[in-house]
Amino acid sequence: MQKLEFTIRPINPQEIEKVAALLSTGYYHDDFFKWSVESDDERHKIVADYYSIYLKAVGCVAHVAETPDGSIIGATVWLPHDVDTSIYDEIDKAAGIYAPQFRAVCDNSHYSEPPMEPFYQLVGFVVLPKAQGMGIGGALLKYHLDILDKVGIPTYLEASTPYFGGGVYGRFGYQPVGELMVFAETAVLYPLWRPAAPPQEKLCQKANHHPELRRLQFGNYNWLVLAERGNKILLLSENIISLQKYHDTFESVTWANSTARKYLNDTFYNTFKPEDQSRIVETELYDQNTTDKIFLLSVEEVVTYLGNSGEPNSNKFYIDDKLNSARKAVYTDSSPCRWSLRTSGNLPYLVATVTVEGKVAITGDFVNRPSSNLFNVGLRPAMWVEKP
C-alpha cells in the first residue's frame, strides 16, 4: 500500500461546515446513524448539522488530517464533560422528527460515564475510506491524547461498532466501562474509557455491610441470608467468590449452557465438604428450565431480596435508586466488582448484571466481559440449604 503523506492540525473556524460534512459522509452508512436518521435522503444534512453544532460548542477541540494538497481526509471531535447542555436543544431543532433518537443518547450517556471529572469525550472520529489503513486514525487520536496525558485528563467515548479490546481504541488503552447502550438490535453503543497516563490505580471501596441481612458462615464462605422457607434458607455469598466471566465465549448463550453454571455446580460445589454438600438443596429455576444446586440470582430475585424503590430513575435500562448500596459487592481484596445475573439481556449475547455502583443493568452486558483495570467482573453464587 502506497504511503500517504499527511499532517495533523487543529481545525480552523472557517472549516467547521466542511469538517461537519466530512464527518457526515464518513458516518452515512454507520448502523447507529442509520437508526438515528432512517431516511437516506435526510441523513447527510441532519448529521452534518449535528456535528456543526458540536464543532461550534464552547470547549470543543477538533483536529483534522490534511494531505499536502490541502485535502482533509480525517477528523476527530472532542467535547469537555461539562459542555453547555443547551447544545442539545439546538440538536433537537436540527434533527426535527429524529430528535428523540439523538436525545435518547444524551439522556443515557451519564449512566456509562465514570463519576470522574474532568474528562473529554470523543464524539466524532472519521477517516475517509480511501485513506484508511495508513495510520491516520491512530495519528489523529494520539495528537490529542498526548496533550491530555500531560495534564492528567482521561477520555471517554461511545463506539458504534462492537468492541472486543482490539483495533485503534485497544492500542491506546481504551477499556469497556459502564453499560451497553442498546436502542435497537442494530443501534448499540459501546462505552469505552481511557485513564490518563500513567494509568490510574484501581478504585477500591469498603465491603458493603448489608446491616439488614443476617450473616452466617457455610463451608469456607460468608453468606447473607435472603429468605427462609420452612427448614430451608436462601443464601447469597457476601462477596464475589471468583473473578470469572459469565461465559467464556462471545456468543448467544443462556444460563443453561453458560460456563458460569458449569463452574458453580462442579468446581465450586466441590469445594464444600460432603456433609455440607448434603445440605445444599436442588432448586428448580423455572425461568431457565434448569435444576441446580448453586445458581446466580435473576433480576426478579435481586429486586425481591435486595430491593427496588420504584423511583422514577429506575427505567427499562437500569434499576438505579437509593437502594443501590445494598446491591454492591466486592472481591476478597475489597476491590469493587460487577456481578452477573442469570437473566438474559436485551440481545442473545448479553446478560443482566449488577454494576460496581449497585445498579441493575437490565439491558445487559457482554456474556464474556472480563475483569479490567477499571473494575472486576465475577460470580456471586446463591443456593438454598437445609437448616442445621
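Quick notes
- Verdict on Ala75 being touching a residue at least 12 places away in the same chain (Cβ under 8 Å), assigned by TED's automatic domain parsing to the domain that holds Thr161 and in contact with a Phe, Trp or Tyr (Cβ under 8 Å, 6 or more places away or on another chain): yes
- In region 213-326, counting only helices (runs of 4 or more DSSP H) that sit wholly within it, the ones holding 1 or more residues that are charged (D, E, K, R) and modelled with pLDDT under 90 span 299-306.
- Count of region 283-304 residues which are surrounded by fewer than 17 Cβ atoms within 10 Å (Cβ to Cβ) and either hydroxyl-bearing (Ser, Thr, Tyr) or farther than 17 Å from Leu323 by Cα (or both): 6
- Flag for Gly178 being assigned to a loop (DSSP other than H, G, I, E, B), surrounded by fewer than 18 Cβ atoms within 10 Å (Cβ to Cβ) and assigned by TED's automatic domain parsing to the domain that holds Ala62: no
- Selection of region 49-60 for residues being touching a helix residue (DSSP H, G or I) at 6+ places or on another chain (Cβ under 7 Å) and either closer than 17 Å to Val127 by Cβ or surrounded by fewer than 16 Cβ atoms within 10 Å (Cβ to Cβ) (or both) yields Tyr51, Lys56.
- A single entry from Asp82, Asp41, Asp89, Asp30 fulfils the requirement of being free of Cβ contacts under 8 Å to residues at least 40 places away in the same chain, under 25 Å from Leu145 (Cα atoms), surrounded by fewer than 18 Cβ atoms within 10 Å (Cβ to Cβ) and of a type in the set (D, E, K, R): Asp82.
The values are calculated or read from the model by the stated rules, or taken from the named source; none is laboratory data. Because the structure is a prediction, the values reported are computed rather than measured. With ideal geometry, Cβ positions are generated from the backbone for all residues, glycine too; neighbour counts draw on all protein chains shown.
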